[in-house]
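Notes follow once the structure below has been shown.
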Amino acid sequence: MANMIKTSRGLNKLALFISFVLLVIASYNALAERQEFTVILKKHLFYPAEMTIPSNKKIKLVIDNQDDSIEEFDSFSLNREKVLFPKRKSIIYIGPLTPGRYDFFGEYHPSSARGLIIVNGAELITPSDKEADDVN
Amino acid sequence: MLINTVLVFLQNILPIFVVISLLFAQQGAKGQFSAQKTVQASNLLRGHQSNQDNSITADLPLIYMLKTIGFGFIIVLLLSYFMAELSQLFLGKGLEIFYSILFSLIYGCIVVSFLCTTEASQEQKQDKTLLDQQTLTQKKQIVSLVILLLVLCVHGSYFSLYVMSLTIQNTEIDTLYSGIVVGVIIGTGICLSIAILLYFILVTLAKKTGRKIVSYFLLLFGVGQLIQGLQLLEQVDIISSNVPLWSTNYLIAENSELGYFLTILFGYEATPSVMELLVYLSAIIVPIFVAKIIVYKQNTTASSMKGTS
């Protein structure tokens, strides 16, 4: 019984330490300034459909859903998934990313709502590389 | 619309079928183990021993499961109704914070279930009293139902949003409902097939390698859920995200069918960051380590009690 109490106390200390570390990380991120970019969703289309962002920097992406319906911003390459409520702005943070092309789409209207984020330096990618990206 | 409904259904509802399959497989594996034990016991001991074993085997009664699913549906409807307001809390980070808490709770409950399984197998080995074993079974039963409820609420609410988004649009009513109904029927068929196949694979594996294998699969599923929660916190900059360590997209693309399935089954991530990798590994290692401590302490207590008697 005494051993059990000792183990639970140890676990409590561990949980407290983890919470403290997470709090420090969260506070640091909350204070950091991020460059802001905006994308508008209108009639199930993203404007601009292509945008360029700097490499190896975290950016703030504001998505303004001007449609009357719900949409879900989705990107496998960016690891992002965000519900966009009608007539509301949503914020997500992207990066830091290595140069390349990262596509995103509206999960509820994937045929029309599509876009591309180009990270600086991606313009240098050769067509053969691009084809390889498309295959993946 | 039909194909998209099937895809969205698979992405959001498959985890619910997978967790049901895992929970049933855990019960099935235990049932087999208990049945084997019962046969052995009945050969050696009195006849009523087998009845006692059968009463412990009833891990997850179907009626409780159906009640939980029913209750889950009500929460799903409430969640999807208030989701828009929820998303505006904490400077637009409300939804991510709320869902990451739910994902962490899923992981927490799975860890508790994992530790209960370890404790139960130890108690069976040490032939503890029936009352002790029943208390532990009841605890595990409640935890399993909470896991099911949480998974249903988290993943079901996203699909419920999709259905809501379709009903808001000015699409013809026939096209709309045929799209939703047929899509849901096809999606359910695929999910059921995968869940049944997974169940039989797990039960067969448990037969060959020991029943703990199912608990490990459940733990991996939980770790996958925790990683999803972590990604939500990274998305709103609460937790720092780094450049991906590697990319295995050329082997298994995350947006492929296999990628989807592996992501749900054990949180497959083609481009993990340092933080994700650290959390992933520690989320597996810590519960296994704690389970080993529990086994060690129970063995020590049992041997010291034998020594005193």
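The values are calculated or read from the model by the stated rules, or taken from the named source; none is laboratory data. All values reported here derive from a predicted model rather than from experimental measurement. A quick note on method: Cβ atoms are made from the backbone with ideal geometry, for glycine too, and the neighbour counts reach across all protein chains shown. These accessible areas exclude ligands, DNA and RNA; they are computed on the full protein's heavy atoms, side chains included. Shrake-Rupley method; radii C 1.70, N 1.55, O 1.52, S 1.80 Å.
Compared with the dominant principal axis of the Cα atoms in chain B, helix B:274-308 is inclined by about 20°. How would the stretch B:136-206 be classified by its alpha-carbon gyration tensor: rounded, prolate or oblate, with rounded meaning a/c under 1.5 and the a/b versus b/c comparison settling the rest? Oblate, because a/c is 1.5 or more while a/b does not exceed b/c. Dividing the summed -39500 (n - 2.57) terms of all DSSP H runs of n ≥ 4 by the residue count of chain B sets its mean residue ellipticity at 222 nm at -30500 deg cm²/dmol.
Applying a threshold of 23 Å to the alpha-carbon distances of A:K57/B:K93; A:K43/B:K93; A:K82/B:K140; A:K57/A:K82; A:K43/A:K82 flags A:K43/B:K93; A:K82/B:K140 as lying beyond it. Our note on the geometry: Cα centres of the stretch B:181-197 and the stretch B:245-303, 27 Å apart.
In whole percent, how big is the carbon plus sulfur part of the accessible area of the stretch A:35-135, probe 1.4 Å, protein atoms only? Don't jump to the answer; show the numbers that get you there.
On the way: 2380 of 4590 Å².
About 52 percent, which is the carbon plus sulfur part of the accessible surface.
For trypsin sites (Lys or Arg not before Pro), the sites in the stretch A:47-115 that DSSP calls loop and that have at most 15 other Cβ atoms within 10 Å are A:K57, A:K87. The C-alpha atoms of chain B define a longest principal axis, and helix B:2-44 lies at about 0 degrees to it.
Lysine pairs, Cα distance under 24 Å, 8 or more residues apart or cross-chain: how many in the stretch B:180-309? Spell out each step's value before the answer.
Details: B:K207/B:K292; B:K208/B:K292; B:K212/B:K292; B:K212/B:K297; B:K292/B:K306; B:K297/B:K306.
Lysine pairs satisfying the spacing and distance rule in the stretch B:180-309 number 6.
For the pair A and B, the buried accessible area comes to roughly 3300 Å² in total, with a 1.4 Å probe and the value rounded to the nearest 100.
Using a Förster radius of 60 Å, what is the FRET efficiency between B:I186 and B:V295 based on their Cβ-Cβ separation? Nearest 0.05, please.
Numbers: r = 45 Å, r/R0 = 0.76.
That pair, B:I186 with B:V295, gives E of 0.85.
Output the 0 to 90 degree angle, nearest 10, between the alpha-carbon long axis of helix B:173-209 and the longest principal axis computed from the alpha carbons of chain B. So the helix axis and the longest Cα principal axis differ by about 30 degrees.
Distance between the modelled labels on B:A302 and A:N56, one decimal in nanometres: 5.6 nm (7 Å Cα→Cβ projection). Expressed as a whole percent, the accessible surface of the stretch B:153-279 that belongs to carbon and sulfur atoms is 71, based on a 1.4 Å probe.
Could you sort A:F85, B:F24 by their accessible area in this structure, using a 1.4 Å probe and putting the largest first?
Details: A:F85 10, B:F24 60 Å².
From most accessible down to least: B:F24, A:F85.
Each label was represented as a point 7 Å from its Cα along the Cα-to-Cβ direction; for A:Q35 and B:I142 these points are 5.3 nm apart.
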